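I have placed the structure first, in the form of structure tokens, so that the comments after it can refer back to it.
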Amino acid sequence: MIRVIALAGRPNTGKTTLFNALTGLRQRTANFAGCTVEKATGIMTASGGDVEIVDLPGTFSMLPQTADEAVAFRFLSECAEAAGDLLVLCVAEASNLENDLVLPAGLKAAGYPTALAVNMIDEARLNGIKLDAPELSARLAMPVVLVSARTGEGLEQLDALLTPPPLHADLTETLDFRTAAKKRLHQLQDDAVEAAKAAAAASMIWPRRSVLPTVACSIRIDRVLLHPAAGPVILAAAMFLLFQALFVGAKPLMDLLSDGLGSLADSLRALLPDGALSSLLCDGAIPGVSAVIVFVPQIAILFTMIGFLEQSGYLPRAGAMVDRALRPFGLDGRVFIPFLSSFACAIPGIMATRTIPSEKRRIVTILLAPLMTCSARIPVYTLLITAFVPATFSPLGFNGQGVVMAGMYLFGIVMALALALVMKYTSLHEMHPAPATVLPPYRVPSAKELARYVWARCWHFLSRAGQVIFILSLVLWALAAFPRDAALLAPVEARLEAAREASPADPALEASLRDQLAAARIEGSALGRAGRLIEPVFRPLGWDWRVSVASLSALAAREVFVGTLGTIYALGGESNASDGLITALREAKNADGTRRYGLATAVSLLIFFAIALQCVSTIVTVRRETNSWKIPAMQFAFLFGLAYLLSFAAYRLTLFLG
Amino acid sequence: MTLDAVPLDVPVRVLGCGGLTITDRDRLAGLGLRPGVSVVKILSTPLRDPIECLVGSQLLAIEARLLSHIRVELA
């Protein structure tokens, strides 16, 4: 039987960093309490054989109050019930030992085989703290190892501690946290507090200064970043600069990728004989996937900045800053991290709600989290903004397209707050403010961890583009290429044939007829017919059949919209890469010569994509987190209806304003 | 004396918490705000709530309404 090592401890003690160091995996790490809300498992090849490492969510005490804390205690109780070879490796922060020793002392008293890893020993040394590990071990009656998961210090001693042979610990008398009485847990907690205090006092020499240098430094920084006047300005400026950087910083790389992929399609077209294979690759696969891949630089910039904020320790402070402002909306500062995580992707944001003790507030946060602008919306927004907001638009000297992008992020937040305000007057409202939150010391983000985080997010985006969008592009190509409607094609083919044989040749007429033929092909195809069928539903929003089909295909995942339009326009002979798609959208004309899309259509689309819940993965996650299909079904229907109504209103208003 | 009446940067020691719900009291205790621990109010956040406090060796943002329930004495 493989030994199970459960990593337990207070939040933000570096359990996940230790987990990654032991298993070689890349779980997400950050500098705030509640980063891990679900257990993660990995195998460590120790010198004496393999062991299974389980990273548990952090717990503040022996009295679980939130869903993520319950996960940790449930896992320990289940392991004890199964009577396996279990060792609970408690992780404590060396500079906060008195608080962090409560859990190991309590678990030991509850009968669990326990060991202790005192983490961040390098930081404790900088703080002038001296630790006597043998004394600590004797006081707590458990093995103790001093480590720094970040630098790798002490991991060899830990290897020896974790290695089998089995402990053969008697787990029959361990406390079952699932059924234990509150009174028993309170007693356990009180005893553990006393034991922790005594053990810390006996084994630790505190520096002469009353405030640790890392804490003193954090206080100095907080006096600036949380200053009554400067604090909100710095927060707003940081967010605004982020969106400016998304456009200004990413553009050269986006152009490079776009040109490269466009050239690849052109080269393949020249190499391959005319036919289905050439069309499949050059009009289906490459334009569909490249239309999404070009947005990787923006994704990388966004996550570099979010990762920096997460690892520096600024996020919980930002949460504290907005706490008071959120209360009139029936929310509090604890929704800040789920909401901010949702800017990356709604799924981790929804999972991060597990740290919210109030069930009703948790559901409200889950319902609102998808309104935050996730990375999947970036390709859609970028395409529409670049195509329809003039590059010359520069309010107050800023990049106008960046300003509109920031406005879209703001719109998502405003919608979430407006709906939160509405829900405040429903049965979902519950007064349950956060009594207190931990503000971790500021830390310089590790370049390695930051690079891992950015790569993981980019790879997540790319793998979706590579799998879902690639397959959908092929399906869409087939639907858009077949069947051939002979009645529709014959007159254009005849005119093209005549133009080719005419003397002198008219290349302009020939090119125009070729485009008309391509357009006729797609109009007569299965996709064109389906698009025309649904077009009346979306016509009031200013969408033609192409945009309607692309929006419907984006119900699976928002970014599919760009790939679908890319394929439709490539097959229609109007573009062949993302850059071409932007131009094609801008210059697309109806049969009567009028512009196919104007600013009103773009505004309508932007509003629709900002509100509608177009992500199957999010719907499934909401179902899992709420244990009900009713909530995601209502959430989808409500947001779709609201998106439709507001898009219609925005379209009409923009037309009215001219 | 309760913590709300203590000026910024004055070190005090916690005597106990009264008038709080069990959930809030357990949460504060779990965060390290227990009898005997030293507390220094550091600053008010921009909207004057929560208040940043140094509790033992860690920084906590504590909701302002709770401060009047935390009994303290000068350290």
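Coordinate-derived values only; no laboratory data. Nothing here was measured: the structure is a model prediction, and the numbers come from that model. As a convention, Cβ positions derive from the backbone with ideal geometry for all residues, glycine included, and neighbour counts pool all protein chains shown.
General observations
- Footprinting exposure proxy for A:Met239, A:Met372 (fewest neighbouring C-beta atoms within 10 Å first): A:Met239, A:Met372
- For the range A:541-658: rounded, prolate or oblate by the Cα gyration tensor [a/c cutoff 1.5]: oblate
- Placing unit charges on the Cβ atoms of the charged side chains and taking the dipole of the protein assembly as shown about its Cα centre, the candidate lying farthest along the positive direction among A:Asn590, B:Leu67, A:Ala198 is B:Leu67.
- Given charges at Cβ of Lys, Arg, Asp, Glu: the range A:118-197 dipole, positive-most of A:Asn119, A:Leu136, A:Leu175: A:Leu175
- Taken residue by residue and averaged, Cβ atoms of other chains lying within 10 Å of the Cβ of B:34-47 number 5.
- For chain A, the longest principal axis of the C-alpha atoms and the axis of helix A:314-326 are separated by about 80°.
- Overall form of the range A:3-208 per C-alpha gyration tensor (a/c, 1.5; a/b vs b/c): rounded
- Sorting B:Cys17, A:Cys374, A:Cys90 from the fewest to the most surrounding beta carbons within 10 angstrom yields B:Cys17, A:Cys374, A:Cys90.
- 222 nm mean residue ellipticity, helices alone, for chain A (DSSP H n ≥ 4; -39,500 (n - 2.57); rounded to 500): -19000 deg cm²/dmol
- Rounded to the nearest 20 debye, the dipole magnitude of the range A:158-275 is 760 debye, with +1 charges on Lys and Arg beta carbons, -1 on Asp and Glu beta carbons, and the Cα centre as origin.
- Anisotropy class of the range B:3-74 from Cα gyration tensor, a/c 1.5 cut: rounded
- For chain A, relative contact order (Cα pairs under 8 Å, six or more residues apart, normalised by length) works out to 13 percent.
- Compared with the dominant Cα axis of chain A, that is its longest principal axis, helix A:182-203 is turned about 70°.
- Positive-pole candidate from A:Val403, A:Leu462, A:Thr13, dipole of chain A, charges at beta carbon: A:Val403
- Rounded to the nearest 20 debye, dipole of chain A from Cβ charges on Lys, Arg, Asp, Glu: 1560 debye
- Cα long-axis angle, helix A:359-368 against chain A (0 to 90 degrees, to the nearest 10): 30 degrees
- Each of A:Cys282, A:Cys217 has some number of other Cβ atoms within 10 Å of its Cβ, and from fewest to most they run A:Cys217, A:Cys282.
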